[in-house]
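Read through the structure below, which is laid out as structure tokens, and then see the notes.
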Amino acid sequence: MTRAGIFAGIFLLLAVYTAVDPFDHCAISEFPDFEAFKIEMPAWHDIPVEKDPQNLLQKSEIKFLNQVQGPESMAFDPMGRGPYTGVADGRILFWDGHKWNDFAYTSANRSSLCDPKPSFTSYLKNEHICGRPLGLRFDKRNGDLYIADAYFGLMKVGPEGGLATSLATEAEGVPLGFTNDLDIDDEGNVYFTDSSTKYKRRNFMQLVFSGEDSGRVLKYDPNTRETTVLVRNIQFPNGVSLSKDGSFFVFCEGSVGRLRKYWLNGEKAGTSEIMAVLPGFPDNVRTNEKGEFWVAIHCRRTIYAYLSAMNPKVRKLLLKLPISAKLHYLMQIGGRVHAVVVKYSPEGKLLKILEDRQGKVVKAVSEVEEKDGKLWMGSVLMPFVAVYELD
């Protein structure tokens, strides 16, 4: 047999294997209806290349190691106490200055299934039972804590804590599939994201691989108790944060890697526009006292991730190879987790970038909360909180 014939035979066997996947080894084997969609990326030269040459996040202090598992969001109550954070077993914890205390929970069906486990992945199969609180925000008027639970939707608990109350589980007749983050205006209206109506949080990697656009940005009106859709057909919307003056909010387009501004007041009210192209995949965004926006970047975008986003057919073919979802994920992020946080002006100007490109100290970051000259950084993937002291 000629060399060309051998290569043709190998290619044919590989094609048959990927089409049949007899041993369910591929990353999408549990998703028979999986489809890959094109992500309309910014031009490669528009993606910021600025770096932190000193890797300043490596100077961060690691706090509460192995005391908190997957602390996604950092929140401080109206009296400045905290932080409060939601963890992988479904609880919301409160740091009283000396120890962590149970404060609230989102599921009434807590049992031994929700007991502490050695890693965040140990909780994935029971998240829909135990709950998974993600975004947290306090209503400064009354101390109520609003919660975006990935499975139970938009919820609220009073200043005394306990079992949270459900506020919204659907919009326009479509159930919330992956409630992710939120913010509250001065009138008590809640703006929040539903990252996908097709994929649950435990399948976030498949959501990233797919690039599907069922994500929504929504508004909950506490007076009418109605939930309306403000923006639809978004590829993995994530963090959301109001401007200091309340005239607009920004939200993260996770798959595309952008900050988008949604106007609430003025001539542009009810419309949205691109505010900034980000250097990677964003998670949460938080406004500081000056009105600037801190964005947690899950990782920088690699050329592999960029080309994969633009070519869904090739992406789906690669996903059908006998390679685990975890390995595909590592290929997307450049081989290792590495934290990046960026600060933007209200106009979308890049003001500051801090990172740990080697992932030596701050391996991943989901949210950046600035308080009293410090950045409190949570991570849905890590068993600690990182604190960086600003100059």
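Residues being in contact with a helix residue (DSSP H, G or I) (Cβ under 9 Å, 6 or more places away or on another chain) and hydrophobic (A, V, I, L, M, F, W, C) are entirely absent from the stretch 59-80. Residue 242 - would you say it is in contact (Cβ under 8 Å) with a residue 60 or more places away in the chain and within 30 Å of residue 185 (Cβ to Cβ)? When the stated conditions are applied, residue 242 does not pass them. For residue 303, the conditions (1) under 25 Å from residue 149 (Cα atoms); (2) in contact with a helix residue (DSSP H, G or I) (Cβ under 9 Å, 6 or more places away or on another chain) are fulfilled apart from (1).
Here residue 155 meets the list (1) in contact with a Pro (Cβ under 9 Å, 6 or more places away or on another chain); (2) assigned to a strand (DSSP E or B); (3) touching a residue at least 60 places away in the same chain (Cβ under 8 Å) almost entirely, failing just condition (3).
Note on the stretch 205-246: enclosed strands (runs of 3 or more DSSP E) holding 1 or more residues that are of a type in the set (Phe, Trp, Tyr) are 215-221. Taking the numbered list (1) buried (at least 21 other Cβ atoms within 10 Å of the Cβ); (2) of a type outside the set (A, V, I, L, M); (3) in contact with a helix residue (DSSP H, G or I) (Cβ under 7 Å, 6 or more places away or on another chain) in turn, residue 286 passes all entries but (3). Of the strands (runs of 3 or more DSSP E) lying entirely inside the stretch 300-391, those containing at least 3 residues that are among the charged types (D, E, K, R) and out of contact with any Gly (no Cβ under 6 Å at 6 or more places or on another chain) span 350-356, 367-371. The residues on offer are 125, 140, and the sole one that is touching a residue at least 60 places away in the same chain (Cβ under 8 Å), surrounded by fewer than 16 Cβ atoms within 10 Å (Cβ to Cβ) and not in a loop (DSSP other than H, G, I, E, B) is 125. So is residue 286 basic (Lys, Arg), touching a strand residue (DSSP E or B) at 6+ places or on another chain (Cβ under 8 Å) and on the phi < 0 side of the Ramachandran plot or not? Yes. Within the stretch 72-119, the residues that satisfy the criterion of being charged (D, E, K, R) and assigned to a loop (DSSP other than H, G, I, E, B) are 72, 77, 81, 89, 96, 99, 110, 115, 117. Screening residue 339 with (1) surrounded by fewer than 16 Cβ atoms within 10 Å (Cβ to Cβ); (2) touching a residue at least 40 places away in the same chain (Cβ under 8 Å) gives one miss only, at (1).
Taken together, the values in this text are just the output of simple stated rules run on the coordinates, not laboratory data. Owing to the predicted nature of the structure, the values given are computational and were not obtained by experimental measurement. Don't worry about glycine lacking a Cβ; one is built from the backbone with ideal geometry, like all the others, and counts go over all protein chains shown.
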